[in-house]
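Peer 1: Attaching a single structure in structure tokens format; questions to follow.
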Amino acid sequence: ASGGDSYLWSNGETTASITVSPTADTIYTVTVTTAVVCVDTDEVLVTVNDVTANAGDDVSVCPGEEVTLTASGGETYLWSNGATTASVTVSPDADTTYTVTVTSAEGCTDTDEVIVSLYPEVIADAGADAAICPGDSATLTASGGGNYLWSTGETSASITVSPTAETTYTVTITSAEGCVDTDEVVVSISPDAFANAGADMALCLGDSATLTASGGGSYLWSTGETTESITV
């Protein structure tokens, strides 16, 4: 204040200059007295331009997914990742806290933070590739999640298949939180075995005959012998 020799503010202070920090709009009155005891009063209004930053609610996402964070409360925004828009899209690879600094038109600032946490990762495993003989079946067992959906439409962890040609089966696994992963397994058909014990024959009593089989990789005769050719 100015205009006199002594001063009395409405907050009790008696210096010409005072420092105030109101939390709401406040009128301060000063009474000024001159050396000859003339008195006058004046008032000054201190307006509080409040700003409240709001970074939004904490959120959880599946690993690899994106989420949009939207702040409010001011005219300009500065996120801890360097973005300067009210909304930012992030895809963290670990639980991350994002901070936003909000500035009002009057230059007042405030900060707030939001936590983006990750649900447990889902890792689908459809099992090892398999080879079966023509006409045989294979049991496929998946692991890694809560709910299963095979490309056959079946929803159990284990399924039995009987393909007639090499086939790729895909399983989609969904966790309780809705996170998804897929894996595939190939069931191939091994070459068929065509057993051929040779032509029927006749021999004289006491003579021997050599029988030779073909059509496979290993052999088991009714005599118990396991070679391709046997003498009987």
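The values are calculated or read from the model by the stated rules, or taken from the named source; none is laboratory data. Every value quoted in this text rests on a predicted model; they were computed, and no experiment measured them. In this analysis, Cβ positions are derived from the backbone assuming ideal geometry, glycine residues included, and neighbour counts consider all displayed protein chains. For accessibility, only protein heavy atoms count, side chains too; no ligands or nucleic acids. Shrake-Rupley method; radii C 1.70, N 1.55, O 1.52, S 1.80 Å.
Peer 1: Using r as the Cβ-Cβ distance of A195 and A131, and R0 as 22 Å, what FRET efficiency do you calculate, to the nearest 0.05?
Peer 2: On the way: r = 20 Å, r/R0 = 0.89.
Efficiency computed from Cβ-Cβ geometry: 0.65.
Peer 1: Gaussian network model of the chain, Cα springs within a sub-10 Å range: biggest mean-square fluctuation belongs to which of A193, A131, A142?
Peer 2: A193
Peer 1: Right, next: S188: accessible area at probe 1.4 Å, nearest 10 Å²?
Peer 2: 30 Å²
Peer 1: Here's a follow-up. Run the quick spin-label model on S143 and N54: label points 7 Å from Cα toward the beta carbon, then report their separation in nm to one decimal.
Peer 2: 4.7 nm
Peer 1: Follow-up. With the chain treated as a Gaussian network of Cα nodes joined by springs under 10 Å, which of A105, A199, A71 yields the largest mean-square fluctuation?
Peer 2: A199
Peer 1: If you don't mind, there's one more thing I want to ask. Tell me the carbon and sulfur percent of the accessible area for the chain, rounded to whole percent, probe radius 1.4 Å. Write down the numbers at each step before the final one.
Peer 2: Working: 7020 of 14290 Å².
Answer for the chain: carbon and sulfur cover 49 percent of the accessible area.
Peer 1: I'd like to check one number: the per residue accessible area of the chain, probe 1.4 Å, reported in Å² as a whole number. Walk me through the intermediate numbers first.
Peer 2: Working: 14290 Å² over 232 residues.
Here the per-residue accessible area is 62 Å².
Peer 1: I'd like the distance between the alpha-carbon centres of the range 144-201 and the range 38-84, rounded to an integer number of Å.
Peer 2: The range 144-201 and the range 38-84 have Cα centres spaced 55 Å from each other.
Peer 1: Then there is this: Which one, L220, L149, L69, has the greatest fluctuation when you compute a Gaussian network model over the chain with C-alpha springs under 10 angstrom?
Peer 2: The residue that fluctuates most here is L220.
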